[in-house]
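All remarks here apply to the structure that follows.
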Amino acid sequence: MQCFAIQLKHPLPDKMKHSFLEIVDDELRKKLARYKRKSDFELNLCTHVLLRIVINRFYQYDFNKIAFSKNLYGKPYIEQGNIHFNISHSHEWGVCVIDDTPVGVDIERVTPIDVRSMMNCFSDSEQKAIFQLSITDQLQTFYRIWVLKESYLKKLGVGLSKALSSFTFHTEDERVIVQDNQYVHGTHYFYEENIDNYKVAICAEHNDFPENISVISIQELSGYIADLNVRN
């Protein structure tokens, strides 16, 4: 499994942005053009470029020959080879995960919210566990469970067809367990990490996770593309 993250604190220089746009496909460029906020456009672009670079580096796939498709629920996949991936982005951070089996990842920035207004997304036992905590811990636990839920749904590849409240997370002997009576096939493993004020969760079919998520800078991303162009 390969796990990488990228942070975009400042707007991309025009030259760098143009070089990034050159290595993504027309469909993605059209999708990105619909973003209203420049920061969302650029972070999404950087995350997709990061994905392609990781695929190129570890699987030796040419950028221009990577063919992406989507399943019935909209989860993207790579047509050639046994490569599974997932990406997520929030505010300044983007994350991508690549594996030989289905995988899901989610990242969210922890910001103050009314936790009670979101409880319809949580099971009864999750709600009970959250409201036993202090206000500060409620917020942290809310986001922890949220990213776990999102990573699980993204790993399953079922999109919003499955309600977030239809399954439950709890911890047994420090291991994260998901209880889901609708999807009982196989075992799911989870990895959690905090990056700055963000929570990240990865869901996979095995527990062979890296020690931590590798962070690559925008400059390193741009340099890799430049080196690749020179070699070609």
>> Scan the range 22-45 and tell me whether some residue there is of a type in the set (A, V, I, L, M), closer than 16 Å to Ile218 by Cα, in contact with a strand residue (DSSP E or B) (Cβ under 7 Å, 6 or more places away or on another chain) and in contact (Cβ under 8 Å) with a residue 40 or more places away in the chain.
In response: yes
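Inside the range 87-112, can you point out the residues that are under 27 Å from Asn56 (Cβ atoms) and either assigned to a loop (DSSP other than H, G, I, E, B) or touching a Pro at 6+ places or on another chain (Cβ under 9 Å) (or both)?
First, the residues of the range 87-112 that are under 27 Å from Asn56 (Cβ atoms): 87-107.
Listed by number, the residues that qualify are Ile87, His91, Glu92, Asp100, Thr101, Pro102, Val103.
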>> I'm checking my understanding of the structure. Among residues of the range 34-47 that are of a type outside the set (Ser, Thr, Tyr) and not in a helix (DSSP H, G or I), which one is modelled with the lowest pLDDT?
In response: Lys36
> How many residues, within the range 64-84, are crowded, with 18+ Cβ neighbours inside 10 Å and farther than 22 Å from Ser19 by Cβ?
Replying inline: 3
>> Could you check the range 43-63 and list, in sequence order, the residues that are hydroxyl-bearing (Ser, Thr, Tyr) and exposed (fewer than 15 other Cβ atoms within 10 Å of the Cβ)?
In response: none
> Which residues, counting only those in the range 1-28, are in a helix (DSSP H, G or I) and closer than 30 Å to Glu205 by Cβ?
Replying inline: Glu27, Leu28
>> Taking the conditions exactly as written (among the hydrophobic types (A, V, I, L, M, F, W, C) and at pLDDT below 95), does Leu148 satisfy them or not?
In response: no
> Restricting attention to the range 56-79, does a residue exist that is basic (Lys, Arg), over 15 Å from Ala5 (Cβ atoms) and assigned to a loop (DSSP other than H, G, I, E, B)?
Replying inline: yes
> When you look at Lys31, is it part of a helix (DSSP H, G or I) and over 17 Å from Ile225 (Cα atoms), yes or no?
Replying inline: yes
>> From the list Leu51, Leu43, exactly one residue is more than 11 Å from Cys96 (Cα to Cα) and out of contact with any helix residue (DSSP H, G or I) (no Cβ under 8 Å at 6 or more places or on another chain). Which is it?
In response: Leu43
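The values are calculated or read from the model by the stated rules, or taken from the named source; none is laboratory data. Owing to the predicted nature of the structure, the values given are computational and were not obtained by experimental measurement. Every residue, glycine among them, receives a Cβ derived from its backbone with ideal geometry; neighbour counts consider all protein chains shown.
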